[in-house]
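Data first, discussion second: the structure below is written as structure tokens.
The values are calculated or read from the model by the stated rules, or taken from the named source; none is laboratory data. Everything numeric in this text was worked out from a predicted model, so none of it was measured. Neighbour counts run over all protein chains shown; Cβ positions are idealised from the backbone, glycine included.
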Amino acid sequence: MEREMVERENPMGVEEPDPITSRSMSGALLIASLVLVGTLIWALYDEVYGRRPWKAMQREFVERYTAYLKRVKPRQATTEAALKQSPEYRKLEQELTAARQAVAPRLREIDRELAEIERQLEAIRPVFQDARAKIGALTYEWEVAGSERAKARKMREIEEAKRGPFRVRLIAADGEGKNEEWRLTFDELQRRFLALQERKAQLVSERARLLEPVVEIEKKMNQYLQDNLVGLDQKQIDGLLRKMETFKIELKQIHVQDGDLVDRCISCHVGILEPLPLTEQIMGRKAFVSHPNPALLRIHNPERFGCSPCHGGNGRATTNVVKAHGLNKHWLWPLYKPENYEAGCVQCHFRDRVLEGAEVFNLGRDLYELKGCVGCHRYEGYDRETDALLEVRKTIRQLNLERAENEREIRRALRAADQATDDREARRLYALAETLRVKNSQIADRLEQLELQAKYLMQDQKKVGPNLKEVRLKLRKEWIPVWIENPHAFRPTTKMPRFRLSREEVQAISAYLWQTALRDPLPTQPPGDPIRGRELFETRGCLACHSIGEGAQTIGGTFAANLSRVGEKVNYDYLVRWIHNPRERTRPYCPNERRDIGPEDYAKRGLPFRFDLNHSKCPSCGSEMQVQQMTVMPSLRLSWQEARDIASFLMTQRRSGVSYPPAPFMDDPKLRARGAQLIRRYGCAGCHEISGFEEEPKIGTELTREGSKPIEQLDFGLLAREAKRQGWYNHKGFIENKLRSPDIYDRGKLKAPEDRLRMPNPNLTEEEIRALTTFLIGSVNATLPPSYYYTPDDQRKDIQEGWWIIKKYNCMGCHTIMPGQRSVLSTLPRYQDPDWKDQLPPSLIGEGARVRPDWLARFLENPALSETNLERNGVREYLKARMPTFYFSPNEIRILVRFFEALSAQAQPYIEPKLEPITEMERALARQLFTSPAAPCLRCHMTGDPAHDQKATAPNFLIARERLKPGWTARWMIDPQAISPGTAMPSGLFRREGDRWVFAGPLPEAFKAYPGDHVDLLVRYMFQLTAEEQRRLLAGTRTASRARPSGMRLAVERPPSRRGGT
Amino acid sequence: MRIGKSPLVLVLTLAALSLQCGKKEEVGEAPKEEGAAPAVAYQPTGDEGTITGVVNFTGQPPQRRRIQMDADPVCAQKNPSALSEDVIVNNGKLQNVFVYVKSGLEKYSFSVPSEEPVLDQNGCMYRPRVLGVMAGQNLKIITSDPTNHNIHPTPKNNPEWNVNQPPGSEPIIRSFPRPEVMIPVKCNQHPWMRAYVGVLRHPFHAVSREDGSFEIKGLPPGEYEIEAWHERYGAQVAKVTVGAKETKQIEFTYAAGQAYRPGSLRLMPALVLPCCEKTMARAAK
């Protein structure tokens, strides 16, 4: 067919041309060879430049850096020269000259003598060494000689050799004098050599001693230049310039064997480790900057940590920026964006709740807890109590099994022993039974501890949201559905997220909660004084956690709820009880029986309806119950009147004219089952206690390793293509968008309501989204070996653990714990006033060095430091802010005490240092100092006199002994401003005189002869102060000052005019 | 011919291309070192002007209270009839108002005067109560009392310190490195003691005297914002242009009932929620 066609096309029958002769392949060949040559050139180019972009980078860096150094050098030279002209430097120079001149004559003598010794030594040394070697060899031969005769012969040889004579030729010192020659025996030679050596050592050390002051001044001069010269000096700059001259263009990398880490980032980022701060502005290229946080590099030495463990990216890739930064497809660890830098911390610092200096990390960690993410999503480290509780319960079960098994074994052994035929065998079996019995007693010890642990852990277990079993007592009924529908409309900053609920769903959930809630009666409360309540609210410390006011008017902390509209929703009687003690529960919950235990259960056993931390056993089954509200809110130990006043004030916090439609559906029993279904589906019990849902598991996915989940497992829904196009098809993009609008990946999908995404909207700010995203994308499967993890097991571990508790209860709302950190209270407008500054709770920096651990434990347990007088601060009664009772379990107290001890690097356990007992004479002296008008101690410190104590600004000396550590007390007295800047106690009370501290004011006569250290005396006096002695003191101040204002005479003993209690 | 040329072109192109790629950007211009040029040191020209004026007070001034100094009998004895000094009004003129040039002098810098203003602790009160210094200028703090004092400035922008000064001790000489209006100074042992130090970057300030008058001399001609600051009545600003050798008169007027006290229990501005005041009043009844 085809042929036919061809033939038809060639009808003329023209002769076909011969393809070999008439066609040329040269065109094709030419093209092929051109392509070949092109490919070769391309390959060469690619080999040299294309795949090695760092070469050009390095060349460019050297050029720019050299130019910069050259530019800087003369400027640095001028400043250096100017510095050298400064009077201080000049003075040092003069001192140097003077010091040099002072030692010059002796130095010359020494140098002359040394030269002479060296001349002699040079002559003697070879001769002596030869001789010694020779004699050493002979001695060895004598030692190994076989016969007595041979030994004798050798001995003769040795003596012969020792006689010498050895010739030492001394070349004349000046080259002109006569050469000397000594002829010496070996002993003489040795003596002379050793004498010379010794003299030389003497002279050298004397020389060093002489030069000490000179060296000291030289050091000072260098230090002066270093201190005052910003940047590098000439020598250093020259060094850098030389480095640039000899710079080799090559692949540069950090290789860490441990972890098989290869990071070639420094091949392009050549300047990253330079000592000069290089900015983009200086270097003209962002890639050439030096590391902006050199302090961080000092902790994380790049030689060991490389770059990619913190920054992400692909450390081995060098061919282009996209690959090196790990932004190519399928690479799991892309370079973190600047806003997420601190994601790099999470991998190794997974145990840390707080990292000093890592603010985004810390905020992310905070939000995960505060916003209740933890209610649905497990994350290792959070929920410590629940996890530990499970573990403890498991161990208890195991130990009980082990104990039972031992019991059986004992019985078996005893039976066998009784019937044993052999005494030895019987003894062995009896011994075995005994061992097991003792083992069981050990198990009993452990079990006791574990049972306690279980109790404490239950006590420490908290929920993010309030207990919804009490809604009937607490809330206005109609408010509930309004709130559930959209919490942010009522309170924009609330931690309760907004669920996407239909009206029907809202009604069902409200109905369930309302119908299952407790109906116990609540005592009615008389009204309080809202004006006083407001004052209390503002000054007791409520604002450290809570905020009040709306919009720009908001003040206070973000840890707990904003109370601006609380009056619209809450029942006054309940609020009073809550403020008086938020941990007070209506009914205890028994996890074993899975129900709330009421008075009827107690009555069955004939017990009074009484439950608290000391009465926490279930009356029916005897197991530990939840006897407190699972809130972190502490008791401020307010009186009932104060609680009523504050509640009355809070009841005024409402918008006027807001009405809530009636909600009859809440009593509709038909809705109840549907409500339960929805509560389970939305995981409400993750944050709340809800009747029937006490043991619900978390409904969300675990996020501990979220950052390294394969991207395909993140469901972008229909947005995957769009995400790829817009460049956010990665973990960062997924999480950010999810946090912004949690239902975003349902968009465009047709789903049944129960299949829709459940995550509610947490209403986060962009900053909060950034922090949470940073935290979550950093939560990866570690790529590094465990040796990199920050999991210390020394005191730093105590610090790590302590932070979890500090953050759990928001201690930083009132206290400064980290240097540079400000408490929430200290930022409130009220505390800007100089008078109110003294009303701030104390800074806790150095708390571990300040107070005794046993005291601290007691204080944390009972901050009133009294069993009867609870409505006060135990230490600082004058503070209006109240240190609350947190009902810490002994577990948490231990963690906190260890935390503070560790922060101050205190040795544990604490052993009280012995103080020299105070003598009568010293007591009289100290008393005089305390009562002198020049000494202000008793003016500010509490004394037990109620009128005085109200205006006091410092604690009572009486508790010093049981509370303080003497070393810290002395340091505090000398310079309190160094320990707690801005504190009411002034520095400069003592001045240094020789090797002791002396009171800086006019001294009482008798004191002038006292040779001891005044600070030490006062510390000892304070630590041995008794109530009796203090009363004498107080009487003394009054008499002394009344009689003669500037009088320094000894206090006259008088009965105290006023005494605090009996 | 055509054939022979092509590879050459290709090679040349590639060579050119590689050169292009290898070519570096020009090394960037030397970066700008500092921001704006620093202010020029001011040289007196003889054309300097003066601002004088008076601070008026309208309405009924608050009664001055007796200060209870019982806490320290030495003070009570030395100064038995001390009166509060936060508001002192004589014949409708307000004393202790700090008047200073708030803006208009940015282009100049001024050398720090060598004289050291004195802050005396006398009768357990600060003398004067209000004073101004230049940043870096030494302040000399002396004590004339036979009792112990401590000097505790509580600045916002300067370092805070708190130093003890026993009777008969050497003067404490200190300076504040940064401008700040005003720094309250207190004595923790005598809570009634209070002084205010205004720290400026220039020497042009005054404190209204008993008759409410003040005078700022030696001002370079120019346009200024003059601020008056009073511890209870807050700040007021006046604009004024001073010509060469000119003396300009300005007046400030404070009215009774405008006093504010940051941090006072009853009035915390941030907490005033208009909707709730009435409710609270009602609830109080």
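Applying the set (1) within 14 Å of chain B (Cβ to nearest Cβ); (2) in contact with a helix residue (DSSP H, G or I) (Cβ under 8 Å, 6 or more places away or on another chain); (3) surrounded by 16 or more Cβ atoms within 10 Å (Cβ to Cβ) to A:Pro829 leaves exactly one unmet item: (3). Within the range A:48-101, being acidic (Asp, Glu) and under 20 Å from A:Phe247 (Cα atoms) holds for A:Glu60, A:Glu63. The numbered conditions (1) in contact with a Ser or Thr (Cβ under 7 Å, 6 or more places away or on another chain); (2) away from every other protein chain (no Cβ under 14 Å) are all true for A:Gly778 except (1). Restricting attention to the range A:672-686, does a residue exist that is among the polar types (S, T, N, Q), part of a helix (DSSP H, G or I) and within 14 Å of chain B (Cβ to nearest Cβ)? No, every residue in the range A:672-686 fails to be among the polar types (S, T, N, Q), part of a helix (DSSP H, G or I) and within 14 Å of chain B (Cβ to nearest Cβ).
For the range A:695-754, a residue qualifies if it is among the acidic types (Asp, Glu), surrounded by fewer than 17 Cβ atoms within 10 Å (Cβ to Cβ), out of contact with any Gly (no Cβ under 8 Å at 6 or more places or on another chain) and under 21 Å from A:Tyr379 (Cα atoms), and the qualifying residues are A:Glu695, A:Glu702, A:Asp715.
The requirement of being within 18 Å of A:Met942 (Cβ to Cβ), in a loop (DSSP other than H, G, I, E, B) and more than 14 Å from chain B (Cβ to nearest Cβ) is satisfied by A:Pro841.
Using the structure shown, decide if A:Arg939 is out of contact with any strand residue (DSSP E or B) (no Cβ under 7 Å at 6 or more places or on another chain) and under 30 Å from A:Pro1011 (Cα atoms). It is true that A:Arg939 is out of contact with any strand residue (DSSP E or B) (no Cβ under 7 Å at 6 or more places or on another chain) and under 30 Å from A:Pro1011 (Cα atoms).
Residues in the range A:985-1009 that are within 12 Å of another protein chain (Cβ to nearest Cβ), in contact (Cβ under 8 Å) with a residue 24 or more places away in the chain and touching a helix residue (DSSP H, G or I) at 6+ places or on another chain (Cβ under 6 Å) were compared, and the one that is surrounded by the most Cβ atoms within 10 Å (Cβ to Cβ) is A:Met985. Residue count for the range A:34-49 satisfying the condition of being among the small types (Gly, Ala, Ser) and at the interface with chain B (Cβ under 8 Å from one of its Cβ atoms): 1.
For the range A:637-662, residues that are within 14 Å of chain B (Cβ to nearest Cβ) and among the hydroxyl-bearing types (Ser, Thr, Tyr) total 3. Whenever a residue of the range B:154-169 is without any contact (Cβ under 8 Å) to a residue 24 or more places away in the chain and farther than 11 Å from B:Ser144 by Cα, its partners that are of a type in the set (Ser, Thr, Tyr) and not in a loop (DSSP other than H, G, I, E, B), lying with C-beta atoms within less than 9 angstrom and at least six residues away or across chains, give the pairs B:Trp161/A:Ser987; B:Val163/A:Ser987; B:Asn164/A:Ser987.
All told, A:Ile735 falls short of being in contact with a Phe, Trp or Tyr (Cβ under 7 Å, 6 or more places away or on another chain) and assigned to a helix (DSSP H, G or I).
Number of residues in the range A:755-802 that are of a type in the set (Ser, Thr, Tyr) and crowded, with 20+ Cβ neighbours inside 10 Å: the value is 3. Take the conditions of a type outside the set (Val, Ile, Thr), surrounded by 14 or more Cβ atoms within 10 Å (Cβ to Cβ) and over 16 Å from A:Pro841 (Cα atoms) and apply them to A:Ser866. Does it pass? In short, no. Taken as a whole, the condition of being more than 14 Å from chain A (Cβ to nearest Cβ), under 17 Å from the mean Cα position of the chain (by Cα), in contact (Cβ under 8 Å) with a residue 12 or more places away in the chain and surrounded by fewer than 20 Cβ atoms within 10 Å (Cβ to Cβ) does not apply to B:Pro184. With respect to the conditions (1) modelled with pLDDT of 95 or more; (2) over 22 Å from the mean Cα position of the chain (by Cα); (3) surrounded by 18 or more Cβ atoms within 10 Å (Cβ to Cβ), A:Ile805 lacks only one, and its number is (2).
Of the residues making up the range A:45-88, those that are outside any helix (DSSP H, G or I) and loosely packed, with under 15 Cβ neighbours inside 10 Å are A:Arg51, A:Ser86. Counting residues in the range B:214-235 that are more than 22 Å from B:Gly104 (Cα to Cα) and among the small types (Gly, Ala, Ser) gives zero. Residue pairs whose Cβ atoms lie under 8 Å apart, separated by 6 or more positions or on different chains, with the first residue in the range B:238-250 and part of a strand (DSSP E or B) and the second aromatic (Phe, Trp, Tyr), are B:Ala238/B:Phe252; B:Lys239/B:Tyr224; B:Val240/B:Tyr224; B:Thr241/B:Tyr224; B:Val242/B:Tyr224.
Figure legend. Inter-residue proximity from the range A:332-345: first residues touching a residue at least 40 places away in the same chain (Cβ under 8 Å), second residues among the basic types (Lys, Arg) and not in a loop (DSSP other than H, G, I, E, B), beta-carbon distance below 9 Å, spacing 6+ or different chains. Indicated pairs: A:Pro334/A:Lys732; A:Tyr336/A:Lys732; A:Lys337/A:Lys732; A:Glu339/A:Arg770; A:Asn340/A:Lys732; A:Asn340/A:Arg770; A:Ala343/A:Lys732. Taking the numbered list (1) within 12 Å of chain B (Cβ to nearest Cβ); (2) surrounded by fewer than 19 Cβ atoms within 10 Å (Cβ to Cβ) in turn, A:Ile959 passes all entries but (1).
Right, A:Leu964: modelled with pLDDT of 90 or more and either among the hydrophobic types (A, V, I, L, M, F, W, C) or surrounded by 19 or more Cβ atoms within 10 Å (Cβ to Cβ) (or both) or not? Against the criterion (modelled with pLDDT of 90 or more and either among the hydrophobic types (A, V, I, L, M, F, W, C) or surrounded by 19 or more Cβ atoms within 10 Å (Cβ to Cβ) (or both)), A:Leu964 qualifies. Of the strands (runs of 3 or more DSSP E) entirely within the range B:51-168, those holding at least 1 residues that are within 17 Å of the chain's Cα centre (by Cα), within 14 Å of chain A (Cβ to nearest Cβ) and crowded, with 22+ Cβ neighbours inside 10 Å occupy B:149-153.
Out of all the residues in the range A:916-944, which are within 11 Å of chain B (Cβ to nearest Cβ) and not in a helix (DSSP H, G or I)? Passing the criteria: A:Ser932, A:Pro933, A:Ala934, A:Ala935, A:Pro936, A:His941.
All told, A:Gly344 falls short of being outside the structural domain of A:Phe61 (by TED's automatic domain parsing), part of a loop (DSSP other than H, G, I, E, B) and within 30 Å of A:Glu369 (Cβ to Cβ).
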